[in-house]
1. Taking Arg58, is it touching a strand residue (DSSP E or B) at 6+ places or on another chain (Cβ under 8 Å), basic (Lys, Arg) and modelled with pLDDT of 95 or more?
2. Any residue in segment 37-56 that is within 16 Å of ligand 2 (Cβ to nearest atom) and among the aromatic types (Phe, Trp, Tyr)?
3. Taking the condition of being more than 19 Å from Asp74 (Cα to Cα), among the charged types (D, E, K, R) and modelled with pLDDT of 95 or more, how many residues in segment 1-51 meet it?
4. If you scan segment 179-200, which residues turn out to be outside any helix (DSSP H, G or I) and out of contact with any His (no Cβ under 7 Å at 6 or more places or on another chain)?
5. Sort out which residues of segment 133-164 are within 16 Å of ligand 2 (Cβ to nearest atom) and touching a Lys or Arg at 6+ places or on another chain (Cβ under 9 Å), and write them in order of number.
6. Hey, among the residues in segment 86-120 that are of a type in the set (S, T, N, Q) and at pLDDT 95 or above, which one's nearest to Ala51 (Cα to Cα)?
7. Only one of these conditions is not met by Glu66: (1) within 26 Å of Leu164 (Cβ to Cβ); (2) touching a strand residue (DSSP E or B) at 6+ places or on another chain (Cβ under 7 Å); (3) loosely packed, with under 15 Cβ neighbours inside 10 Å. Which number is it?
8. Answer yes or no: is there a residue in segment 11-19 that is away from ligand 2 (no atom under 14 Å from the Cβ), in contact with a strand residue (DSSP E or B) (Cβ under 6 Å, 6 or more places away or on another chain) and of a type in the set (A, V, I, L, M, F, W, C).
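The values are calculated or read from the model by the stated rules, or taken from the named source; none is laboratory data. Treat the numbers as computed from the prediction; the structure is a model and nothing was measured. Every residue, glycine among them, receives a Cβ derived from its backbone with ideal geometry; neighbour counts consider all protein chains shown. Each accessible area value is taken on the protein alone, full model and side chains, heavy atoms only, with ligands, DNA and RNA left out. Shrake-Rupley method; radii C 1.70, N 1.55, O 1.52, S 1.80 Å.
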Amino acid sequence: MRRIGIMGGTFNPIHMGHLLLAEWVRSEMGLNEIWLIPNAVSYMKSEQEVASAADRLRMTELAAEENDHFKCLDLEIRRGGYTYSYETMEELVQTYPLDEFYFIVGADCLFTLENWKCPERILGCCKIIAAVRDEVSAEEMTKKKKELEQRFGGEILLFSFARLSISSTEIRERLRLGKSVRYMVPGNVLSYIEEKGLYR
Ligand code: ATP
Ligand code: MG
């Protein structure tokens with residue numbers, strides 16, 4: 001049995017905040033692997049500027065290359081259309097019945113979970129690991145965790161993470177303004193962004 005952490009996102013682009021959270025969860029929670037899964041179309045982000053699925057997938061693959069415990073899965077992008085995390089998690093659990101899955105999210109996601117499609121089905125097949133960030137107090141997170149567990153069942157683990165205040169939004173904004181994003185994304189991802197002229 002492997003313990004596998006799943007981290008989904010638009011990854012538009014993937015950045016050091018995502019990677020650091022994934023690596024810390026892996027090492028501190030004793031996970032064997034982290035699978036990064038770029039979303040096809042995010043129904044929550046459809047109006048914003050989003051790089052093509054192919055570009056976001058490639059950048060995520062490049063980021064995963066540098067860590068032997070990381071890999072990038074294209075199952076959501078291959079499926080296409082709107083992305084629902086419960087479908088992805090149920091598919092993974094069916095495909096790999098001997099493994100144990102953990103769904104890793106940032107604090108912001110914990111506070112929108114009730115608006116997701118079928119949160120009870122996510123919690124029905126894996127545990128959620130939610131990163132406690134500076135902006136949200138531990139008490140607020142604990143309260144939310146209990147409320148969600150009561151409503152949807154399952155288990156939510158809180159992970160204390162001194163958050164890197166990096167977001168994809170900030171990276172896109174800096175690139176638009178011609179500012180450097182070096183050290184905010186891995187070097188090979190930066191090279192890809194520059195080669196393809198993304199987010200200009
Ligand atoms: P955007 O600014 O476009 O919303 P983002 O940086 O929030 O992008 P997403 O792809 O939306 O990145 O996030 C994927 C997951 O990573 C979410 O669970 C989110 O909470 C988490 N996350 C994003 N940035 C950070 C960060 N700096 N530290 C920890 N977790 C993060
Ligand atoms: Mg976000």
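1. Criteria not met by Arg58.
2. Yes, that holds for at least one residue.
3. Residues that pass the stated criteria total 5.
4. Of everything in segment 179-200, those that are outside any helix (DSSP H, G or I) and out of contact with any His (no Cβ under 7 Å at 6 or more places or on another chain) turn out to be Lys179, Ser180, Val181, Arg182, Tyr183, Pro186, Gly197, Leu198, Tyr199, Arg200.
5. Those that are within 16 Å of ligand 2 (Cβ to nearest atom) and touching a Lys or Arg at 6+ places or on another chain (Cβ under 9 Å): Arg133, Asp134, Glu135, Val136, Phe161, Arg163.
6. This residue is Thr88.
7. For Glu66, the failing item is (2).
8. Looking only at segment 11-19, we keep the residues that are away from ligand 2 (no atom under 14 Å from the Cβ), and these are 16, 19.
Then keep just the ones that are in contact with a strand residue (DSSP E or B) (Cβ under 6 Å, 6 or more places away or on another chain); that gives none.
The answer is no; no qualifying residue exists.
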